[in-house]
1. Which one of Val174, Val98, Val122 is in contact with an Asp or Glu (Cβ under 9 Å, 6 or more places away or on another chain) and β-branched (Val, Ile, Thr)?
2. Determine, yes or no, whether Lys86 is of a type outside the set (Gly, Ala, Ser) and part of a helix (DSSP H, G or I).
3. Is at least one residue of the stretch 167-182 in contact with a helix residue (DSSP H, G or I) (Cβ under 7 Å, 6 or more places away or on another chain) and under 18 Å from Tyr52 (Cβ atoms)?
4. Tell me the residue from Gly47, Gly27, Gly32 that is at pLDDT below 95 and not hydroxyl-bearing (Ser, Thr, Tyr), please.
5. Looking at (1) more than 21 Å from Pro193 (Cα to Cα); (2) more than 14 Å from the chain's Cα centre (by Cα), which one does Asn109 not meet, given that it meets all the others?
6. If we scan the stretch 2-9, do we find a residue that is surrounded by fewer than 17 Cβ atoms within 10 Å (Cβ to Cβ), modelled with pLDDT under 95, more than 20 Å from Tyr151 (Cβ to Cβ) and not acidic (Asp, Glu)?
7. In the list Glu136, Glu195, which residue meets the criterion of being under 22 Å from Glu88 (Cα atoms) and either crowded, with 16+ Cβ neighbours inside 10 Å or without any contact (Cβ under 8 Å) to a residue 24 or more places away in the chain (or both)?
8. Answer with yes or no whether Arg66 is surrounded by 18 or more Cβ atoms within 10 Å (Cβ to Cβ), of a type in the set (D, E, K, R) and farther than 22 Å from Lys170 by Cα.
Amino acid sequence: MQETIYIPRLSTFSYIFPDPSKADPKGLLAWGGDLKKERILSAYMQGIFPWYNADDPLLWWSPNPRLILKTKDVKVSKSLKKSLKKFEIRFDTNFKKVMSLCRDVRIENGEDSWISDELIEVFSSLHVEHFAHSVESYYKGELVGGLYGLYLGGMFCGESMFSTKSDASKSALVALCSKVDELGGDFIDCQIPTEHLKSMGAIEIKRDEFLSMVENSLETKSYFGNWS
């Protein structure tokens, strides 16, 4: 049986951030603090997320514009429709591995990654408590793509995705849209605008509009539990 709850109001959290609408032009809002799971939840409930490199201090962001993907607006090309048939999609069966591969694949491609061992442990703890979820694409039994993030109220706060086989992460994103829609949610926070996500239907909106959507989303009564 599915359990439904309301996500607690912001007033129940003691971790206070600056007003996210006051972030600098690049979106930087604050630095410092820690990665305690309560602070993480408080941040995302205010439209804020951590993003930093290994040598940086802990940085908190609220960019303008913000990229979102409404679940019913995801675009599936003809080639992607064919690819969808190749993959087996699973939810919440290999969360920590998905996070690790999101980091490792980026590093193998010569990119920086903010996904530290500490962040993996914190999100894994949030996964056990049913706040964090993973969507996984398998090909012939092998994990070849996926994504992870937080599901709060009616929004999925997307964190990162990876792919070691063409269209594996795109397939996971399509499956995520269907899952969030099925559970009573309505949009995915994609954070920073990218052409890749725009090609799949994501749109840029003003920060004030996004923050209003976050507030409304936290009042949504939605499924809370393990997605597997």
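1. Working: Val174 fails: in contact with an Asp or Glu (Cβ under 9 Å, 6 or more places away or on another chain); Val122 fails: in contact with an Asp or Glu (Cβ under 9 Å, 6 or more places away or on another chain).
Result of the check over Val174, Val98, Val122: Val98.
2. Working: of a type outside the set (Gly, Ala, Ser): yes; part of a helix (DSSP H, G or I): no.
Criteria not met by Lys86.
3. The answer is no, given that none of the residues of the stretch 167-182 is in contact with a helix residue (DSSP H, G or I) (Cβ under 7 Å, 6 or more places away or on another chain) and under 18 Å from Tyr52 (Cβ atoms).
4. Values: Gly47 fails: at pLDDT below 95; Gly27 fails: at pLDDT below 95.
Selected residue: Gly32, the only one of Gly47, Gly27, Gly32 that is at pLDDT below 95 and not hydroxyl-bearing (Ser, Thr, Tyr).
5. (1)
6. no
7. Only one candidate qualifies: Glu136.
8. No: the conditions fail for Arg66.
The values are calculated or read from the model by the stated rules, or taken from the named source; none is laboratory data. What you see is a predicted model; the values in this text were computed from it and never measured. Neighbour counts are summed over all protein chains in view; Cβ atoms, including those assigned to glycine, are modelled from backbone coordinates with ideal geometry.
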